[in-house]
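Asker: Starting off with a structure, shown below.
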């Protein structure tokens, strides 16, 4: 099956560039009470309007910025509790027909070694990830005719089929090119979780400049890419912007307008929002001289603003960021992170000295999964491999019904504890085991007595006695 033929007849942009610029200009030097009103609205779990986000973006007073961050901390705790969901990226292939100026996979880059995993090689990668304790993956593909909907479907089925010991993959998310509706329907049949399509930049002139050729060069085809997913029956989608291509203030406003478009058109917002910063990529001059580099200070602030702006949406932070930054921003917004990641094609199962030449960009956090789990537990978080919402049907509109009022917390903490206990028994180092036990004991002590706690304690006993994959 070839990549879909682009047809953007009748499509229009729902990103009002002039209005975004106008809102950012009109909300400079916001009133202190106005900022506090907006924070209070968000804490009531209401999604913010663009004007309200613009006010937060333009808030630079250090005391008010800290109030924004504290609001984000409180909101995250109220909606998600203190659990952090863990996953790993698995790159399937790096062939690509696009020529994105910031990407090591672009077709004109002769420094990249091209590689696509065979099914046997994919199986070996899955086994290597299961040996480390992973349960949730995101499969990543270049944009090329060989990575069509049938190929994606087959690789997802392969990922689910691999079992090693107590290891299994329970959720497979996708980061791939946007498909046509028939393609999405086929991929959905494989039982995928979230389908991610990052816009990269919502600023159309910049978009066209950094995507000069290939299927990705069509702004409207990509902008409406996840609309087709919704119409094909995939209601669990993820959006993202690559920060550094254009002004971050415009990009986070674009993410909000994209969210509003989904809500107004389909009655469902995005399941996740990602906001990676540009990292060095092999053979890319643009990544050596980032046009709109985002400082650490601005990055931490924008994460807090995104958390307040879209309370029900999971925020994803990747190993692109340093350990210090990851530890900082997890506290006030992030709900999902990758850990123990390697983005070289085929890099988990083998020690490949040329892995960097098969990678899309450079990672900053090289800690193992076991290390990350130990440090999260030490910091008072509950690392989680939970996949219950997806398998219990709490996706799309149903997920929002639970997430917006804060009901997710009722499910997240017990499910996180159960999956963490599995890791403790099956994969944990002795040092991390001690930290996990300490954190689980703390969580149980904080839980009120009653039916819910009694039920969880029974499931904990079952996991301790060898049962697996118990959830609410």
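No value in this document is a laboratory result; all are computed from the given coordinates. Quick caveat, the model's predicted, so the values are computed rather than measured. Neighbour counts run over all protein chains shown; Cβ positions are idealised from the backbone, glycine included.
Asker: What is the Cα radius of gyration of the range 188-299 over 2.2 N^0.38 Å, N being its residue count?
Answerer: On the way: Rg = 14.8 Å, N = 112, 2.2 N^0.38 = 13.2 Å.
Normalised Rg, Cα atoms only: 1.12.
Asker: At a Förster radius of 56 Å, what calculated FRET efficiency corresponds to the Cβ-Cβ distance of residue 25 and residue 324, to the nearest 0.05? List each step's numbers first, then the result.
Answerer: Values: r = 33 Å, r/R0 = 0.60.
Result of the calculation: an efficiency of 0.95.
Asker: Sticking with this one: Sorted by packing (mean other beta-carbon atoms within 10 Å per residue), highest first, where do 176-189, 424-437 land?
Answerer: On the way: 176-189: 20.5, 424-437: 16.9.
The peptides rank, most packed first, as 176-189, 424-437.
Asker: Quick one, what does Rg over Rh come out to for the range 432-472 if you take C-alpha atoms and the Kirkwood Rh?
Answerer: Values: Rg = 11.0 Å, Rh = 11.1 Å.
For the range 432-472, the value is 0.98.
Asker: Which three extents, in whole angstrom, do the alpha-carbon atoms of the range 305-366 cover along their principal axes, largest first?
Answerer: Answer, in whole Å and largest first: 42, 21, 17 Å.
Asker: Find how much the distance from residue 37 to residue 429 grows on full extension, using 0.36 nm per residue of separation minus their present alpha carbon separation; answer in nm with one decimal. Please report the intermediate quantities before stating the final value.
Answerer: Values: separation 392, 0.36 × 392 = 141.12 nm, distance 4.67 nm.
Between residue 37 and residue 429, full extension yields 136.5 nm more.
Asker: Would you work out the Kirkwood radius for the range 260-328? I mean one over the mean of 1/r across all pairs of different Cα atoms, in Å.
Answerer: By the Kirkwood definition, the hydrodynamic radius is 14.0 Å.
Asker: Where does the range 249-297 land on the Kirkwood hydrodynamic radius, alpha-carbon pairs, in angstrom?
Answerer: Values: mean 1/r = 0.0761 Å⁻¹.
The Cα-based Kirkwood calculation yields 13.1 Å.
Asker: Would you calculate a helix-derived [θ] at 222 nm for the chain, using -39,500 (n - 2.57) for each DSSP H run of n ≥ 4 and dividing by the full residue count, to the nearest 500?
Answerer: Values: 19 runs with 217 residues, N = 472.
My calculation for the chain gives -14000 deg cm²/dmol from helical runs alone.
Asker: Also, quick follow-up: When all C-alpha to C-alpha distances in the range 403-464 are sorted into bins of 10 Å, what percent of pairs does each bin hold, rounded to whole numbers?
Answerer: Taking every Cα pair in the range 403-464, the percentages come to 20, 51, 24, 4.
Asker: Could I ask something else about it? Taking the Kirkwood radius as the inverse of the mean 1/r across Cα pairs, report the Rg/Rh of the chain.
Answerer: Numbers: Rg = 21.4 Å, Rh = 22.6 Å.
That ratio is 0.94, to two decimals.
Asker: Under the definition of Cα pairs under 8 Å and six or more residues apart, what whole-number percent is the relative contact order of the chain? All intermediate terms of the calculation are to be shown ahead of the outcome.
Answerer: On the way: 871 pairs, mean separation 96.9, N = 472.
Contact order relative to length: 21 percent.
Asker: Turning to a different aspect of this structure: Starting from the Kirkwood radius over alpha-carbon pairs of the range 1-160, derive D by Stokes-Einstein at 10 °C in a medium of 1.306 mPa s and give it in µm² s⁻¹. If you can, show how the numbers build up before the last one.
Answerer: Working: Rh = 20.4 Å.
Diffusion coefficient, whole number: 78 µm²/s.
Asker: Report relative contact order for the range 94-157 in percent, whole number only (criteria: Cα-Cα under 8 Å, sequence separation at least 6).
Answerer: Values: 38 pairs, mean separation 24.1, N = 64.
Relative contact order here is 38 percent.
Asker: Considering all projection directions equally, how large on average is the shadow of the alpha-carbon convex hull of the range 234-380, in square nanometres?
Answerer: On the way: hull surface 40.4 nm².
Mean shadow area of the hull around the Cα atoms is 10.1 nm².
Asker: Please state, as a whole number in µm²/s, the translational diffusion coefficient that the Stokes-Einstein equation yields for the range 17-75 at 37 °C and 0.692 mPa s, with Rh defined as the Kirkwood radius across alpha carbon pairs.
Answerer: Working: Rh = 11.6 Å.
Diffusion coefficient, whole number: 283 µm²/s.
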